[in-house]
Every structure is written in structure tokens, then in C-alpha cells.
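The values are calculated or read from the model by the stated rules, or taken from the named source; none is laboratory data. Keep in mind it's a predicted model, so treat the numbers as computed, not measured. Neighbour counts run over all protein chains shown; Cβ positions are idealised from the backbone, glycine included. Side chains are part of the model used for accessible areas, which takes the heavy atoms of the whole protein and leaves out ligands, DNA and RNA. Shrake-Rupley method; radii C 1.70, N 1.55, O 1.52, S 1.80 Å.
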Amino acid sequence: MGRWKSVIYSKKMLVFSEIVVLLLYSALVLAGYRRMERIDLTQDDMQLRTESGKTVEGAYYDTSNEDIRAVVTPPLELLKGIYYVQVSYKGQGIIQGGLIYDQARNGRELTDNDEFQVDAGQSVLTYRVKRGDTSPVRFKLRLTGDAVEGDYIQMLECHVIPAKVTCLYRIFCLTALLALLDLGIWVYLRHYRGWQAKERTIFLAAVFVTLTAGLPLFQKGLTPGADLNFHLHRIEGLYEGLMAGEFPVRIQPGWLEGHGYAVFMYGDLFLYIPAILRIVGFTLEEAYKIYLFFINAGTAAIAFYAFYRMTREKLPALVGTVVYIGSVYRLDAIYAAWTGKSAAMMFFPLVLVGFYLLFTVDVDSDEYGKIWPFLTFGFTGLLMTHMLSTLIVGFFSVIACLVMIKKVFRKKTLAVLIRSAALSAALSLWYLVPMLSYLFFGNLRVNKGLPTDAEGDYYAYLADFMQDGKNFYQLFTEERALGFVALLLILAYVISVPWQGRDSRTKQCRVLFAATLFSAWVCTVYFPVAQLSGLFGIAGKFFRMTQYQDRFLSVPAVCLAAFAAVFSTLYLSGKRDERVVWIVTGLLLCLVVRQDLEYFRTDAVAERHFADKVNLNTSGVGNGEYLPVTMDRHNLETKIRTDGSVRMEEAVRENLGYTVTVTNAGDQGTVTFPLTCYNGYQAIDVRSGTKLYTGLGDNGCVAVSVPAGYQGSFVLRFHEAWYWRAVEIASLFTLIALMIYGKKETVKKMFGKE
């Protein structure tokens, strides 16, 4: 029996079995793809769908046809897989398109792709669709109820083309499943099997609260959020850029009807995960949900590790993790589509534990030299996800250092702070340098600066910032706040004060309690925002830059969790009963689950499922802070325009660029391209390699000056500055060096101690 166990648990046997399974499955996938057939339909094949659901021949209808609902294709019998749908059409008015079932299901006609608005000014629509069943479907185009006289639709052709990415998608899914299985086996054999019952319970509780926090991700559709369209377009923009061979993606091509948009104030590092999932065949909705699940799981793992390093005990670490994962504010950031903020909150515990250890650990101990990674990777993670969260954490970090000023100026403490800051900056150079170059040298709206207040009325000056300040009732009851759990923890601590001891852990708990109260006070209407702005001009600029006062709630959320972790250790010391902590942990778990379920509501599910970019509003760029000052995004041209005697003979677009052939028989002329003008565009003559002058044209677009007498072709492309590439290499080398340092014992064995 033992022999067979050793065979089953053998790594080589497991890897061999998985390779065999993958090869066999890949063969089946390829065979299945060959059975997927292309469908080509002409105008003569189209049909008109009536109010009663019947179909008649025809490919055209307008507002005079009162009984007609849509132009549809014949029933399409598609095998399971991924397809490209390409439709040629003519039309005027507001047009909706999408796939519908040939026979309605439970009263619903639309498939999971739902409807999307079709640009009547275009003539061809192409998008990707994934079919999960074999029910016959039709593609439809219809006029909305807002149609006026003269609006019409005519469907000319429809092509349904099997996508090769079907094979990649299915093989990727099996590979991911096997990887998860391997991870589970590794955790079981390496850790779980040797744990005590207490450790197993803690592990299962942490997994449970993480899965519970992700429950809303398993419902169909996406919960509506103020910035949902914006962040989905960030993912789609990275996907399109990667597909065009760009890395890193600096300008995302799909925005503003193909003009492109540079969202440089947001770090995109972790959004490459859903972008890669888009490449292998996942829909935009699926990729976004997997990303959010990754954020939840990553936050749980980092929080548990950080709180364990703070307390050196696993049960208190679980308490802190439960409070942080189930924080109402964090959950609201996840499900209200505050994508940058929710990702940044994954790194808050690292920064907090870094400062906690910095001021509590003996400077002469070996452990003190191991504190810098917490601050290094904590601040790097913040920079890579959300700049405003970085500013907020930096604000509280400065306050912490001022409070602990005597300890800050210890030689070893300064060394840790300087080392952490330098390494974090080096790791982030590839993002910071391009961002700062745009911020300070680009002719963009964000560079115009904040408005000044000539009359000194700081209440009016900061009205937008202060409108989100909370009162005490809102602080514990609203969705975007600390929640009822915070109030219970604060009351429990206050009641327990008379029974507390005088040891160092009690003192640390009081400091964290004070930090929680102070950081929460900053988020309330009682904090003197206007008065501080009047005394210190930089304070007013800082508050305006962070935009909303409730953004500061992310700090008391993590402080509360750390306080809960340390507070629970007071009941594990001495002769006190551990059962008290278990009971409190169970109660907190129940309350957190209750908070999680608030976001699992069918009435909050968006009707649009964002199966592909056709569902996205390309002009949805928020306030357009990163657009050229002269650009009006609501009045964009989609065609190349020539001025003077320049004559366009041929133009081919490729991603964010063009290859054009022009003739200029007269004086110097200009060619204006439908591309947002960011620093970096260059026009280079194909034959001579000479650069043509490229600059800002009408409506914030790229303009190329064509010399008199020019006849030939030039290529217009976006080129990264040489120093951008240099800092990318520097960041990569820094990361490699840190990885080698982390495995220095292994390296010593390989190359010798020298």
C-alpha cells in the first residue's frame, strides 16, 4: 500500500500524467475546432422580424414599417466556441445590435452578449462572441423607440468566422485547472497535513471569508459602478495594445473612436492579467471578474501575512484578515468599480506592518534588517495601482514619522527608510518617468493646475472635496464607510480598558487604536479641512488633488484591522481563555459575511454583460484630464484631413499609426490624423528616413507638416523616448537583483560563497 502511495504522490508521476492529459485534450480541441464551420450570408438571406415574432424575407426597414422590429439573419447553428461576427450594413438613427435566441428562453430573447449600440456612421461591425451552448441564434439590428422619420436599417452581409483562439482558450482553461489542482496538492502535502486542528480551522476560515467576499462575482452581469466603463476600457485598451505588439502599452488605442487615450496616472501593471485573459479568449466580463477575484485572494493572503508578522500569532492574524477582507469600504471599492483603489488596498497592510515593525522592533536585532521589503513592495504596489492612494498613504506616513520623530532619526531606522524609498523608486521607474514626463511637459488638461482662490474662501474652494465627509452616524452605517463591525470593535475596546495590563503589546494596541480614531476623524465633517488649507497652502492643494474626502477611509479600514489583530492578542496572553477570541472571531465572521451578502443582489446586476468592446462607450474618459487642452472629445473627426495643396493618395491604418502616400505640388501643407496628440508621435519618410515635423493640430489631433514638393510615403507611429526604455531596463534589473537577493542561499550553493 505504501508503495502505491509513493507512486501517487510522486512529483514526476503527477507531471507526466498532466502532460498526457493536456496532449490528449489538445488533440480533441483541435478536432472540435475543425468541425466549426464558417457561415457567410448575403443580403438575400436576411429576414425581417415582426412584432409577433414571425419572420418574413427582407433586409431593409424604416420607420414606415410599424410591424417590423428588426432585421435578422436566418438561424445560426453554432457549435460551442469563440467566433468573430462581421456585419456590413447601412443605417441612420440610433441602432442596437446583438445576438438573440431563435426561440425565446424563459421570456428572454437576448443571449448573454446582450444589446449594444451600433455606430450608424460606420459601415462594418466586427466583434468577438463566445457561445456556450448550441441553441440556434440570430444576429439582429434594430431601431430604438427614439427613431424619427428618415431613420432606417439595411443589413448587407453577415460573416460568422470560427476563431482559432477557441483552441487556446480551452487549453488555457485546462492548464489553469491543473495548476490550481497542483497548488491544492502542494498546500495539502506541504502544510495542511502537518497542521494542528487549530491551524486547519484558521486556514479554512480565511479561505471561507475570501470566497464569501467574492460571491457577487459569481452572479451574471456586472454590478453598475460610476467608473465601470472607464476601467473596463483600460483593460480593453491594454488587450488591444498587446495584440498590436506594444509592451508596455502607453497609449490605449480603442478610446475616443480610435484616437487613443493615455491613462498615465493609473498604474496598469496588474491590469495586464485581465488583458492577457482577453487574448486567450475570455470575454471582458469574465476577465474583469477573474481579476477582482485575484484582488480579493491577494488581499487576504497579504493581510494575513502582514498581521501575522505584527502579532506572531495566527489566530489574531485571522481576526485582522476577517475585518479587513470584509471591510464595507473595501467591498464597496471592489463592487462599485473603484478598480485602482481596490487594487491599492491590497498593499496597505504591507506599508502598515512596515512602519509598525520599524518603530517596535529592537534596532539591534537581526529582524530589523528584514523590515525594508515590507515598505519597498508596499509602496511599489501602491504606485503600480493607484497614485491617489499612494498620496494618501504618504500623507499618513509623514504624520507617523513626525509622531515618532525621535525613532526616525536613529541611524538604522533612517537606513531602512532610505533603502525602501530608493528600491521602490527604482522598481517603479518604468512607470514614474513616462508619467511625470507627460504630467510636466505634455500640453494636457491636467497640467493646467488647480484653480486658485483669490478671495480666500476655502469653504467654497474645497466644497467638492468636503461634500463626501462623514458624520459619526454615516461613518458606521453607510456603504462607503467603516461599517457596523468597526463600531462594535471600538466599543469592545473601550469597555475592556479597565482590565488591560501595562505591557508593551497593550501600549501598541493603544497606539493602533489612536491611529484608527485619528485616520477616521480625517474622513469626517469635523476635520478642519478649510482651516488647515487657510494656514498651509500646500494642504489645500493636497486636498483638491485627492478630490474626495471619503477616499481617506481606506486608511482607517486597514488601521482598524491591524488594531483588531493586536487587540485580540491581549486575550491570548497570560491565563486568559482563548475561547473568547474564537467566539469573537466567529461573531466577526458572521457579521462580515452579512456585509458581503449586501453586494449579492439581483436587482443590482447590470443588464449589459460587456462581452466585447462593442458594449463600451469610447468617449467615456471621465473628465478627460489626460487629453490635450484643445481637444473637444464630443466633436471628433474620424477621417484624415489635408490642408493646402496636399493630396492624399493612399492611407493604411495600423494600430496607433498610419502609412500614407501623399503629394504636395504647392507650398508646405498639413495632414491631420484622427489620433490624440501625445508627445512621442513621429512621421518618418519611407525612402530617406527623414523625420517630418509632427505636432499639435486642430482639435488636439496629430498634425504632420508636408514640405513643398514632397511626393512619397511616410509612416506615422508612436515611439517611446530613449530614456523611457532605459528606465524600463533599470526597473527590470532592479527586480532581478531583488529576486536573486531573496534566493541568495540558493545562489551561493550554485556559484560558491564568493
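Structure data summary
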read-out: Stretch gain in nm, segment TRP186-THR638, where the contour uses 0.36 nm per residue and the Cα spacing is subtracted; value: 157.3 nm
read-out: Inter-site label distance for TRP195 and ILE94 at 7 Å from Cα along Cβ, in nm; value: 5.4
read-out: Gained length - TRP521 relative to PHE409, 0.36 nm times residue gap less alpha-carbon distance; value: 37.5 nm
read-out: Spatial separation of Cα centroids for the range 705-727 and the range 61-104, in angstrom; value: 42
read-out: Relative contact order for the range 21-99, counting Cα pairs under 8 Å that sit 6 or more residues apart, in percent; value: 22
read-out: Distance (nanometres) between label positions extended 7 Å along Cα→Cβ at ASP503 and ALA721; value: 5.6
read-out: Sequence-distant residues sharing a close amide H with GLY712 (under 5 Å, placed H); value: VAL662
read-out: Mean Cα-pair separation over length for the chain, i.e. relative contact order, pairs under 8 Å, 6 or more apart, %; value: 13
read-out: Of LYS407/LYS743; LYS289/LYS341; LYS406/LYS507; LYS130/LYS220, pairs whose Cα-Cα distance is over 19 Å; value: LYS407/LYS743
read-out: Using a Förster distance of 22 Å, the FRET efficiency for GLN117-GLN43 (Cβ separation, nearest 0.05); value: 0.45
read-out: Label-to-label distance, nm, for residues given as ILE684 and GLN467 (7 Å Cα→Cβ offset); value: 4.9
read-out: Isotropic mean projected area of the C-alpha convex hull, the chain (nm²); value: 42.7
read-out: Heavy atoms of LYS541: accessible area, 1.4 Å probe, square angstrom to 10; value: 120
read-out: ³J(HN,Hα), Karplus 6.51/-1.76/1.60, whole Hz, each residue of the range 725-739, x for Gly, Pro; value: 5, 5, 6, 4, 5, 4, 5, 5, 5, 4, 5, 4, 4, 5, 5
read-out: Cα-based convex hull, the range 160-243, per residue volume (Å³, whole number); value: 164
read-out: Relative contact order (%) - criterion: Cα under 8 Å, at least six apart; region: the range 281-398; value: 23
